[in-house]
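The values are calculated or read from the model by the stated rules, or taken from the named source; none is laboratory data. Predicted model, so just to flag it, every value in this text is computed and none were measured. Cβ placement follows ideal geometry from the backbone for every residue including glycine, while neighbour counts extend to all protein chains displayed.
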Amino acid sequence: MMPRLSANRRIVVGLLVNLLSSICIVFINKWIYVHYRFPNMTLTLIHFVVTWLGLYICQKKDIFAPKSLPVRRIVLLALSFCGFVAFTNLSLQNNSIGTYQLAKAMTTPVIILIQTTYYNKTFSTKIKLTLVPITIGVILNSYYDVRFNLLGTVFATLGVLVTSLYQVWVGAKQHELQVNSMQLLYYQAPLSSCFLLCVIPFFEPLTGDGGIFGPWSLLFSMYFICVAVLLTPPCSYNMFGHFKFCITLVGGYVLFHDPLSFNQALGILCTLAGILSYTHFKLVEQEEGKSRLAQRP
């Protein structure tokens with residue numbers, strides 16, 4: 001009884017840490033963009049480096065065991081990782097937090113489209129129908145966002161496409177290489193950092209105003225400490241994902257005074273209803289699959 005109780009406590013603590021860190025990273029990044037206009041790819045590079053350092057500490061503490069992987073087999077994955085984080089950060093920089101968060105919800109329909117088209121994976125009619133309110137809700141919110149801008153929409157669209165590809169490829173690579181997410185990210189993060197390090201000098205300043213080695217204040221320097229504390233390996237618990245979804249939206253309207261019209265609120269509710277329905281039907285299908293396996297002789 002006691003070991004199970006201890007395990008449950010660890011799960012609860014992990015969920016709470018993930019909840020707080022994920023939300024704080026979004027808000028801190030938005031604050032950095034709004035008040036300092038820090039260069040996007042440089043900020044992404046900082047995230048990658050800190051992520052790798054965190055994983056290095058984890059493997060030294062025997063939280064996971066690294067597995068040797070051939071670099072050539074994860075090059076495309078590392079490149080997509082760069083695009084996924086950079087474009088989503090650009091979406092956050094150029095959109096309101098509400099639009100940024102709602103746009104991310106389109107990842108689910110796009111992943112299903114990719115898996116159906118290129119991987120011959122099938123989904124039930126119930127699952128497909130849940131994509132309708134998700135899509136309608138995102139369109140409603142984006143269309144009626146008074147801060148709507150074309151550049152932000154382009155970055156949000158690219159972010160959704162690259163993120164969807166990345167998530168599909170991560171699942172495929174984990175199965176192909178027989179590794180878990182931390183073992184894969186342990187090699188992927190430094191490789192992605194090297195790619196960004198090579199291109200940053202061509203697109204962003206290194207010194208002076210707006211550069212990584214520019215005259216930043218002590219307050220901004222504290223950001224790096226925050227990232228080091230908050231960037232932790234993600235948990236994949238669905239209901240906490242929706243909880244973060246709601247809190248991030250509310251936080252955007254409260255902290256950054258993002259406007260919210262009736263049509264936007266309707267779009268948010270529509271999207272959330274679709275996400276919750278998708279999660280419910282997905283969990284039901286997984287339980288039915290486990291039952292069928294258990295009944296096999």
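Could you list, in sequence order, the residues of the range 180-196 that are over 16 Å from residue 58 (Cα atoms) and surrounded by 15 or more Cβ atoms within 10 Å (Cβ to Cβ)?
Of the range 180-196, the ones over 16 Å from residue 58 (Cα atoms) are 191-196.
Scanning the range 180-196 gives 191, 192, 193, 195, 196.
Every residue, every condition in (1) under 20 Å from residue 198 (Cα atoms); (2) hydroxyl-bearing (Ser, Thr, Tyr); (3) within 18 Å of the chain's Cα centre (by Cα); (4) surrounded by 14 or more Cβ atoms within 10 Å (Cβ to Cβ), yes or no:
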{"site": "34", "(1), (2), (3), (4)": "no, no, no, no"}
{"site": "37", "(1), (2), (3), (4)": "no, no, no, no"}
{"site": "44", "(1), (2), (3), (4)": "yes, yes, yes, yes"}
{"site": "48", "(1), (2), (3), (4)": "yes, no, yes, yes"}
{"site": "52", "(1), (2), (3), (4)": "yes, no, yes, yes"}
{"site": "55", "(1), (2), (3), (4)": "no, no, yes, yes"}
{"site": "58", "(1), (2), (3), (4)": "no, no, no, yes"}
{"site": "64", "(1), (2), (3), (4)": "no, no, no, yes"}
{"site": "71", "(1), (2), (3), (4)": "yes, no, no, no"}
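Inside the range 75-169, counting only helices (runs of 4 or more DSSP H) that do not spill past its ends, which hold 1 or more residues that are of a type outside the set (S, T, N, Q), surrounded by fewer than 17 Cβ atoms within 10 Å (Cβ to Cβ) and without any contact (Cβ under 8 Å) to a residue 60 or more places away in the chain?
Details: elements: 75-94, 97-104, 107-118, 125-143.
Passing ranges, in order: 107-118, 125-143.
Being modelled with pLDDT under 85 and in a helix (DSSP H, G or I) is the filter here; which residues of the range 58-74 pass it?
Correct list: 58 only.
When you go through 196, 191, 219 one by one, which is the residue that is modelled with pLDDT of 90 or more and in a helix (DSSP H, G or I)? Working first, answer last.
Numbers: 196 fails: modelled with pLDDT of 90 or more; 219 fails: modelled with pLDDT of 90 or more.
None of the other options fit; the residue is 191.
Pick out the one residue from 31, 52 that is part of a helix (DSSP H, G or I) and modelled with pLDDT of 85 or more. Break it down into steps so the answer makes sense when it comes.
Numbers: 31 fails: modelled with pLDDT of 85 or more.
The match here is 52.
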